[in-house]
Amino acid sequence: MKKIMVTTDLSDNSKSAVRMALRLAKLKGCALSVVQVNHVPKPFNWTQRSYATFLKKSMDKLTGELGAFVSAICRSIDLEPFRFKSVVLNSTEVVDALSDYARTEKFEYILIATRGAGTVKKLFGTHTSRLLASSKIPIIVVPSRYRHRKIKKVIYATDLQNIERELPDLVDFASPLGAEIQMLYMKLPFEGMSSPAELELRVREKYSYPITFIQVNRNIERSVIEDIHQTINNGHNSILALFSHHDRSGFDKLLFPSNAEQYSFYARMPLLVFAKHE
């Protein structure tokens, strides 16, 4: 069975990701693990044996609190009783602990919530940014204030360089949701394209899936995300999918426009990030 992982710190901001993870796991028939990273320090003068006993009690307590937190969310969205695994990791390194666990368990997706309102970098936070820049497992970033809507459209921003390898990943994600795929071709001013209609027909026939095509004229003075924002008038019932190289500086430029202090785009639409196929 495929598996999905969602991270939480038991805050209200993290509930949106847990809600989406519960629904996604149910739709896709996946097992769900809800993961929290916490650190239980060892007092300097304690023996290892005393600490081990204390650690087990602490971890059992934390795991119980995590399970109660998720069960309350299940009840709040009227979801039928749903089996999930509560996992608490003892570590001071949040991102490393999450990455190692996700890699070991071979999850299909990782879900994480934004931190709330504020500047874009504060919205994502250090942990989310580091996961986005390094994870080879697809990550779904859910706005903390996001409220459930049926996802009807997966918006796929592409430069057309690798669509033969990227589209199957998107079809696999979109199909259980019954969502169409809308390709946004990020076209630079000097680039041309012979026949957008021909490409749309070809991919529709090849993947036997509803795929539409829109051409976006890139403005090199703006970030990619700003150009996408200009194109999408209404992000309701949509999720934006990006394939990114694991280059931290490049990824920051993609996501964080230098002139944006408040960027409402991130506060209303989930973001699905895949590692780009090399």
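The values are calculated or read from the model by the stated rules, or taken from the named source; none is laboratory data. Quantities reported herein were computed from a predicted structural model and do not represent experimental measurements. With ideal geometry, Cβ positions are generated from the backbone for all residues, glycine too; neighbour counts draw on all protein chains shown.
Data for the structure
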{"quantity": "Where a residue in region 73-85 is surrounded by 14 or more Cβ atoms within 10 Å (Cβ to Cβ) and its partner, wherever it lies, is at pLDDT below 80, with Cβ under 8 Å and at least six apart", "calculated": "CYS74/PRO81; CYS74/PHE82"}
{"quantity": "Region 133-165, residues that are in a helix (DSSP H, G or I) and either closer than 24 Å to ILE73 by Cβ or at pLDDT 85 or above (or both)", "calculated": "ILE163, GLU164, ARG165"}
{"quantity": "From THR63, THR104, THR53, residue being out of contact with any strand residue (DSSP E or B) (no Cβ under 9 Å at 6 or more places or on another chain), under 21 Å from ILE4 (Cα atoms), at pLDDT 95 or above and not assigned by TED's automatic domain parsing to the domain that holds ASP172", "calculated": "THR104"}
{"quantity": "Out of ALA68, ALA52, ALA72, ALA21, sole residue that is within 19 Å of the chain's Cα centre (by Cα), hydrophobic (A, V, I, L, M, F, W, C) and either part of a helix (DSSP H, G or I) or farther than 26 Å from LYS152 by Cβ (or both)", "calculated": "ALA21"}
{"quantity": "Those residues of region 152-168 which are in contact with a strand residue (DSSP E or B) (Cβ under 7 Å, 6 or more places away or on another chain) and crowded, with 17+ Cβ neighbours inside 10 Å, in sequence order", "calculated": "LYS153, VAL154, ILE155, TYR156, ALA157, THR158, GLU166"}
{"quantity": "Selection status of VAL34, part of a strand (DSSP E or B) and either polar (S, T, N, Q) or closer than 27 Å to PHE173 by Cα (or both)", "calculated": "yes"}
{"quantity": "Test: residue in region 40-56 that is buried (at least 19 other Cβ atoms within 10 Å of the Cβ) and either small (Gly, Ala, Ser) or within 20 Å of VAL273 (Cα to Cα) (or both)", "calculated": "no"}
